[in-house]
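Structure first, commentary second.
Every read-out reported here was derived from the displayed coordinates using simple, explicitly stated rules and does not represent laboratory data. Values in this document were obtained by computation on a predicted structure and should not be read as measured data. Note that we place each Cβ from the backbone using ideal geometry, even for glycine, and neighbour counts take in every protein chain shown.
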Amino acid sequence: MAENLEMTTGSILDILIYVFDRYMLVELPEVPRREHLARDLERAGFPRSKVERALDWLTDLAFGQDSAAPAQPTAPALGVRVFTDGELMRLSTECRGLLLTLERAQVLTAQQREIVIERMLALDADEPDTEQLKWVVLMVLSSQPGCEQAVERLGGLMREVRGDAPH
């Protein structure tokens, strides 16, 4: 019961994480249709308005992936990513640094980095943080075929970071 109360105040990211854990990590033949998924999320205690926004976020991710090539280990990009003023205002120095680290470690391609930035900004979080960024990166990578190695690298990097972080 307390779990449902907590969910009613959850963010869009909370809903996305719930969907990811429940449907994307399991080898299901297919993810339920939008209306069934919406009904399941509402039964779990998430408010309808946020459920719709989260499902729109996932739809935008899926359609954004149509043009994205699968991640292939490539040489790091030679160019420099310049963030817009809006991106600088919304993405902390830590988030931008983590993106750079993930790209240098060949976890993300330049194209995937752009998808991650776009999806982070679409969360409408007041102050997106690195924990949210890690989830978005995981969702972006998991939504693309052929990214298993990148997901493994991400997991390894996150374990290293968590081992160094004080709790």
Note, segment 94-105: 3J(HN,Hα) by Karplus (6.51, -1.76, 1.60, θ = phi - 60°), whole Hz, Gly/Pro = x, goes 5, 5, 5, x, 5, 4, 4, 4, 5, 6, 5, 7
With a point put 7 Å past each Cα toward its Cβ, work out how far Asp40 is from Arg104 in nm, to one decimal. 4.0 nm
A correct Karplus calculation of ³J(HN,Hα) over segment 116-125, with 6.51 cos²θ - 1.76 cosθ + 1.60, θ = phi - 60°, whole Hz and x for Gly and Pro, returns 4, 4, 4, 5, 4, 5, 6, 5, 6, 6
